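Down below is the structure, laid out as structure tokens.
Rule-based calculations on the coordinates, nothing more; no lab input. Small disclaimer: the values here were computed from a predicted structure and weren't measured. Cβ: placed from backbone, ideal geometry, glycine included. Neighbour counts: every protein chain shown.
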Amino acid sequence: MSRIAVLADIHANPPALEAVIDDLSDLEIDEVLVGGDLVGRGPCGSTVVDRIEELGWTTIRGNHEDYVLSFRRRDVPDDWLVADEWSASRWMAEEIDDRHAEFIDALPFSASAETDADLRLFHGSPRSYNEGIGHWTSRGTLEEHFEGIDESLLVCAHTHRPLKRELDGGMVVNVGSVGLPFNGDPRAQYAIFERTAGTGSWTVEFRQVDYDRDAMLKHYETTGFLEAGGITAHILKRELEQARPYLVPFLKWTEIEDVEPTFDRFDDFLSIFDPEESMMDFFNRVRD
Ligand SMILES: [Fe+2]
Ligand SMILES: [Fe+2]
């Protein structure tokens, strides 16, 4: 019976990744898979790509791999190449070099474990790396996800929130995020899978690992990311500090209110936003 670790959403955070690597070295693990979003939302993408390449773990592609590649190719709307709120994305696309870009561009959409053909990994869902599976996902949708795959264990990430859902004959596990959790717990999070002897059913252990977050916050300054990345880099730093999402709800809110995403507007947003409230409830409140 193999023990398989899956980690994802490292988001350019080397101290968090190193803490997970240390944690793994104390455990008997047969295989490690990486669920995408190595880069993006942070200043040290190149260090993370180098380390993952060196480890040789099976790795798939997340939506942030494609964001970074799109910016490198300048294959984005014209105003994203100049607007302030996209300066962080431009900076992150420049931070990696051609070799890193080649590595992430070769990553597949999905992978199975080599040591157990019953585990299948996607970044978001079998349909899209932008479709997060969470507590809001209906049972019917989960069943549709299983119709397209042969495996009984579907492992995913992207929402930055760990989750386990069981169905007849299948289990879905979201492993959470190593580098930028959104569940209020700032520790690096990942999961370990093992089959129960006899029944062969899967068990999952969610792990949380302390790491030097201050060292990561310092990278925001020493790399120049915080200064060059404007409001977006400041919001990403806040997400790291609070382990809660701010950037996506803020940008959506500026669209609804038809205002520019500036520092002042972010202060206005903070006065009404509760990161523990569901996004749906927040936007219903804003629209009322
Ligand atoms: Fe992510
Ligand atoms: Fe993602």
| message | In Å, what Kirkwood hydrodynamic radius results for the range 173-264 from the alpha-carbon pair distances? | response | 15.5 Å
| task | Working from Cα positions, state the angle (0 to 90°, nearest 10) between the long axis of helix 230-242 and the longest principal axis of the chain. | result | 40 degrees
| note | Footprinting proxy, T262, T223: sorted fewest to most Cβ within 10 Å, the residues are T262, T223
| query | Which of T47, T159, T203 moves the most in a Gaussian network model of the chain with Cα springs under 10 Å? | reply | T203
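Sorting M279, M92 on the 10 Å Cβ count, fewest up front, what's the list?
M279, M92
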| Efficiency of FRET between S271 and D84 - r from beta-carbon atoms, R0 22 angstrom, step 0.05 | 0.55
| Value at 222 nm in deg cm²/dmol, rounded to 500, when DSSP H runs of n ≥ 4 in the chain each add -39,500 (n - 2.57) | -11500 deg cm²/dmol
| Extension gain from L55 to K218, taking 0.36 nm per residue of separation minus the Cα-Cα distance | 56.1 nm
| request: Please determine, in degrees from 0 to 90 and to the nearest 10, the orientation of helix 14-25 with respect to the longest principal axis defined by the Cα atoms of the chain, where the helix direction is its Cα long axis. | output: 10 degrees
| Within the range 212-244, backbone nitrogen closer than 18 Å to the virtual label 7 Å beyond the Cα of E260 toward Cβ | 228-235
| request: Describe numerically, in nm with one decimal, the distance between label points set 7 Å from Cα along Cα→Cβ at R139 and at D22. | output: 4.4 nm
| query | How far, in degrees from 0 to 90, does helix 45-55 lean away from the longest principal axis of the Cα atoms of the chain, to the nearest 10? | reply | 10 degrees
| If you stretched the chain out fully between M279 and A197, how much longer would it get, using 0.36 nm times the residue separation minus the C-alpha to C-alpha distance? | 25.5 nm
| message | So, R0 is 30 Å and r is the distance between the beta-carbons of E151 and D97; what FRET efficiency does that work out to, to 0.05? | response | 0.25
| Between the range 83-119 and the range 15-77, what's the alpha-carbon centroid distance in Å? | 7 Å
| field | Exposed-site-free run, longest, the chain (rule: GluC sites (Glu not before Pro); DSSP loop; at most 10 other C-beta within 10 Å) | value | 29-275
| query | For the range 3-209, taking Cα atoms only, what is the radius of gyration to one decimal and the Dmax to the nearest whole Å? | reply | 16.8, 59
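May I ask what percent, to the nearest 5, of DSSP beta bridges between residues of the chain are antiparallel?
Counting DSSP beta bridges with both partners in the chain, the antiparallel share is about 60 percent.
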| query | Can you give the % of DSSP beta bridges in the range 56-193 that are antiparallel, to the nearest 5? | reply | 55 percent
